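S.K.: Have a look at this one.
The values are calculated or read from the model by the stated rules, or taken from the named source; none is laboratory data. Predicted model only: the values in this text are computed from it and were never measured. In this analysis, Cβ positions are derived from the backbone assuming ideal geometry, glycine residues included, and neighbour counts consider all displayed protein chains. Accessible surface areas use protein heavy atoms only, side chains included; no ligands, DNA or RNA. Shrake-Rupley method; radii C 1.70, N 1.55, O 1.52, S 1.80 Å.
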Amino acid sequence: MKKYDYKKIEKKWQKIWEQEEPFKAEDRPSSRLRPAGQSKKEKFYCLIEFPYPSGAGLHVGHVRSQAALDVMARKARMEGKNVLYPIGWDAFGLPTENYAIKTGIHPIEATKQNVKIFKKQIKSLGISFDWSREINTTEPEYYKWTQWIFLQLYKHGLAYKKAMPINWCSSCKIGLANEEVVNGACERCGTKAERRHIKQWMLKITDEKYVDRLIEDLETVDYLPQIKTQQINWIGRSYGAEIKFEIQNSKLEIKVYTTRPDTIFGATYMVLAPEHELVETITTEAQRAAVHEYQEQARHKSDLERTELSKEKTGVFTGAYVINPATNKPIPIWIADYVLANYGTGAIMAVPAHDERDFEFAKKFELPIKEVIVKKFGEFKPEGDRRDAVAAVIKREDKVLVLYNKQFDVYRLPSGGYEKGETAEETIAREIVEETGYNDFQILDYLGMIESNNYIPEKKVQRQKFHKGFLVSLNSEAKTKTEFEEHEDYEERWYTEKEAIEKLASYGGGEEEFVKRTFNPQTKCFDGSIGTVVNSEFLDGLNVEEAIQAMNKWLEDKGIGKATKSYKLRDWIFSRQHYWGEPIPIVFCAKCGEVPVPEDQLPVKLPMVKKYEPTDTGESPLASIDSWVKVECPKCGGPARRETDTMPNWAGSSWYFMRYLDPKNDQEFASQEKLKYWLPVDLYNGGMEHTTLHLLYSRFWNKFLYDIGVVPVSEPYQKRVSHGMILAPDGEKMSKSRGNVINPDEVVAEYGADVLRTYEMFIGPYDQAVAWDTNGIKGVKRFLDKVWYFGEEVTRNKEVGAGNKELGTRNKELGTGELGKIGSELQKTIIKVTKDIDLMHFNTAVSTLMTFMNEVGESGCNKEMFRTFLVLLAPFAPHIAEEINERLGFDKRIWETSWPKVDAAKILVEKIVLPVMINGKVREKIEIEPDLDEAEIKKIVLKSDKVQKYLDGKEPKKIIFVKGKMLSIVV
RNA sequence: GGGCGAGUGGCGGAACUGGUAGACGCGCUGGACUUAAAAUCCAGUGACCUUAUACGUCGUGCGGGUUCGAUUCCCGCCUUGCCCACCA
């Protein structure tokens, strides 16, 4: 018997695929391929994120997603779809530029080499890409259109230049991208990153025309739910109001953004971000030095430090005041770095009574705290030492367990008598107030169950009915049940409920601690409808919801504010001071200002340079090439200079999926006809880490192109899925420095591409992170060896199943034919594999194929059936499947074969083993004919000795029969 | 602190809509073949009880609930992963 020589076989088929190009997508399916009278082929555009051709070569993670979509693509083709599965190179980027700086090899050259390596590696895997559509973002024919799209954005006012704070390394003299800042320091030299303001190109992704649609249109697409929520959270829309505050003794005003305009009467001071533009103007002479010092400190803090030091609030008084428009009273203006310059308006009205951060700040700087929201029942005034207070009350039937504890926490149960429209929480609160007059407490937690053995040491009554209850804290120290339980020294005592309530009622109070106690950092009184407005004139008595409405109306009527929205999403910084990126097609003319390069002069090609290091000024290396920078102004012909910034690598990847449709077109980025046929992408796979950047950016570009009428769909990707990471065998991320990288080339060399592909599909759930298992791959190798082995047998004997012990076929009598047991198993395998691939449950699809092979080992099978199996296997292991198919003597290639259809008639209806449950436990398994009806089955079951034994002469109370599943008897 | 997930044998993981938990693979144990090893093939493999079988008991992070029946549904808790994080 010939050994399975995967090296030879895989090379052979890869060559055939290269020559015959069976995976080429048809732009318009030819009528030749269409059976007469049938509609044209359905298109299926499946896409992986095109790789960045790094020097490190292909990663096993690349293989996972490429192989997965290859399975989808190959199956879809066999189902008669016109499949587009393209590949290209996202080749602009920093690593290549750094490599060029180090070695002097031109990025174009380095990219070429890397692409060559990647291509060879990918081809060795036998992925069914349509190589005729290969693209590369660094080729002028490609980036011409990236620049063209930029110009359209510019013309529509969505690209603008603005001074932005960037991370700056004073040693390398270069602006750092966020990804180049590691722990607040420059990735290369370790110097602490500083903030610097540099004029940058920005794309207006937050434009009102787009930002809401980026949220709302998610409803029209089929993305994994986590992807949708992550995008929504990233955009971070909130509804609030913008309110103008007039500066005392001045005509200037400061706008603040708040989500809680209803708390304006509680705004006792204002805080500006240190970078706020009005700080300089309003600061009084007396405060100027202190303010400057604070600003200077803030400037040198990296984002990281600013958040790290967040425990302790810092800030400085400016000496100025604004008038609170609601109270007409002056309130001081402070600056503090807990207010961010680039969110909202960079200024807040501080309401210390109801915002944790404001509260902290007010405490530290002794600013007034004015409460404007109270909880309906809360006005407790505690006094004295309450160390011996009741900690918990647990009700069981008519008894109440009272726990004593230092912390004054209480378990409280509703005693019934809900009032109309009341929540359970409100009922508890009302009851406590009514019954005890004890009204400073907070309900920490709703408890489904409050009684358990933990609280009943005697364990006298274990299986009681349990009550629902609430954890009520009479003191804010314990905020959760766990904290409560962890308190030492609580005593337990049993009381009647009445006694317990009396006990509670015996604690009095004073007024002093009022504000501190009513402020609840946990709920902040900010969660909607919890409180009632007080101390707020015309808002008094309203609940939060109503107060917001009323306040918004009042603001608008008075003309001092309006309801508005705010977003966490910021505009997209689109400039990079690097060489290896698309030049931004703008020139600066002394006379005409910013002038876009005329479209017919595109592409603006990257000039050849010798040095790639950034310049001392922080400009792109392009700035030092006079011959390239100096141009004539396209408008007036006068002297002008080119923009020397380049685009980030998100640019080329924002639209590449369209270029695949028409990669050679030099008139348009893609023809309308082709765009209309192929878009949207039906299935798009990519890493979760791209959810908030690449995926959002490209949706934005697509929407823009849709709006200007050059793209036919408003959402580019119909379905988005994500693969989990492949971790090293040690469970850590694979990295060069750890030395735990698995190289796909080595796996291919040792086991073959089919084994690698199938193993990666089998390794675990596709969307989950899994660790590479060097042993696990052996199992897949054994499986494919077995397939080969049986394939050889079938070739020789036409049928496996001669009772050959060596082959493992023993049960000849089971029948090797289509209508026998194995035929039935094959049908079940078709059903399961088809469904699993559709759901991208590749691991269970492979296990089903394995099970079938085991079954063939038991029962044997004939040639036709073996071929059907090969078709099911082919998406995973295409080379071996084609080879065996050819050896079996079939003329048709597997890729020319239709995906198998299920023939339900061939599924054997076997005897069913019916489990019989008695009192919830499986006690007997009875073999029955499948077509028996319920009454007959019951009769048979009750006759069984075992069942009789369990019945023990008693009559069954109840018999539940679930057809085809089980029979359950209750005695 | 916020958002989204996840917890099942020695390990990776299966399990439809609540219906025999542990498919498939790894590993391990025993056997066959071999001078031997590797490879391959056969058998076994959740824990406990038992000489063994049978009977039985326990078992899907923990504590409860609903149900004839819960990995699945409900309540609470714990642990853990990822992303975001002073967002007013």
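S.K.: For the peptides A:11-20, A:958-967, what is the packing order when you average, over each peptide's residues, the other Cβ atoms within 10 Å and list the highest mean first?
M.R.: Top of the packing list down: A:11-20, A:958-967.
S.K.: Once all Cα-Cα distances of segment A:857-971 are split into 5 Å bins that start at 0, what whole-number percent is in each one?
M.R.: 2, 10, 17, 13, 8, 6, 6, 8, 9, 8, 7, 4, 2, 0
S.K.: Taking the full set of protein chains and a 1.4 angstrom probe, give the accessible area of A:D355 in square angstrom, rounded to the nearest 10.
M.R.: The accessible area of A:D355 comes to roughly 10 Å².
S.K.: Mind ranking A:881-887, A:604-610 by how tightly packed they are, going by the mean number of other C-beta atoms within 10 angstrom, highest first?
M.R.: A:881-887, A:604-610
S.K.: Solvent-accessible area of A:T829, probe 1.4 Å, all protein chains present, reported in Å² to the nearest ten, please.
M.R.: About 10 Å², rounded to the nearest 10.
S.K.: Same structure again: Accessible area, 1.4 Å probe, largest first: how do A:S132, A:S859 sort?
M.R.: Putting A:S132, A:S859 in descending order of accessible area: A:S132, A:S859.
S.K.: At 1.4 Å probe size, what's the solvent-accessible area of A:K676? Round to the nearest 10 Å².
M.R.: Solvent-accessible area, nearest 10 Å²: 140 Å².
S.K.: Still on this structure, please answer the following. How large is the convex hull of the Cα atoms of segment A:612-737 per residue, expressed in Å³ as a whole number?
M.R.: Hull volume over Cα atoms, normalised by residue count, gives 202 Å³.
S.K.: Over segment A:894-951, with every protein chain in place, what whole percent of the accessible area is carbon and sulfur at 1.4 Å, could you tell me?
M.R.: 51 percent
S.K.: For A:H879, A:H197, A:H292, give me the order by solvent-accessible area with a 1.4 Å probe, most accessible first, ignoring ligands, DNA and RNA.
M.R.: A:H197, A:H292, A:H879
S.K.: Go ahead and run the numbers for FRET between A:S671 and A:T220, Cβ-Cβ distance against an R0 of 30 Å, rounding to 0.05.
M.R.: 0.75
S.K.: Near A:I227, within a Cβ-to-Cβ distance under 14 Å, what is the net charge of the other residues, with Lys and Arg +1 and Asp and Glu -1?
M.R.: Every neighbour counted, the sum reads -3.
S.K.: When N counts the residues of segment A:48-159, how does its alpha-carbon radius of gyration compare numerically with 2.2 N^0.38 Å, as a ratio?
M.R.: 1.26
S.K.: If I histogram all Cα-Cα distances within segment A:219-332 using bins 5 Å wide from 0, what percent of pairs lands in each bin?
M.R.: Bins of 5 Å from zero give 2, 9, 15, 16, 16, 15, 11, 6, 5, 3, 2, 0 percent of pairs.
S.K.: Follow-up. For segment A:699-772, what does the relative contact order come out to in percent, with C-alpha contacts under 8 Å and a separation of six or more?
M.R.: Taking the mean separation of contacting Cα pairs over the length of segment A:699-772, I get 34 percent.
S.K.: Counting only other residues whose beta carbon sits under 13 Å from that of A:V780, what net charge do I get with K and R as +1, D and E as -1?
M.R.: Cβ neighbours under 13 Å give a net charge of 0.
S.K.: Take A:I232 and A:A289, extend 7 Å from each Cα along the Cα→Cβ direction, and tell me the distance between the two endpoints in nm.
M.R.: 5.3 nm
S.K.: At R0 = 51 Å, how high is the FRET efficiency between A:R28 and A:R887 if r is their beta carbon distance? Nearest 0.05 is fine.
M.R.: Once rounded, the FRET efficiency stands at 0.90.
S.K.: Indicate the gyration tensor shape class of segment A:98-146 (rounded, prolate or oblate), computed on the Cα atoms with a ≥ b ≥ c the square roots of the eigenvalues: a/c under 1.5 is rounded; otherwise a/b larger than b/c is prolate and the rest oblate.
M.R.: oblate
S.K.: Let me ask another. For segment A:682-789, what ratio Rg/Rh do Cα atoms give with a Kirkwood hydrodynamic radius?
M.R.: Rounded to two decimals, Rg/Rh equals 1.14.
S.K.: On to the next question. Hey, if we sort A:M688, A:M850, A:M647 by accessible area with the 1.4 Å probe, largest down, what's the order?
M.R.: Result of the area sort, largest leading: A:M688, A:M850, A:M647.
S.K.: Rounded to a whole number, what is D in µm²/s for segment A:574-648 from Stokes-Einstein with the Kirkwood radius over alpha-carbon pairs (4 °C, 1.567 mPa s)?
M.R.: The diffusion coefficient I find is 104 µm²/s.
S.K.: Return the whole-Å distance between the Cα centroid of segment A:317-378 and the Cα centroid of segment A:136-157.
M.R.: Using only Cα atoms, the two centres lie 47 Å from each other.
S.K.: Continuing with the same structure: Kindly give Rg over Rh for segment A:607-647, based on alpha-carbon atoms, with the Kirkwood expression for the hydrodynamic radius.
M.R.: 1.02
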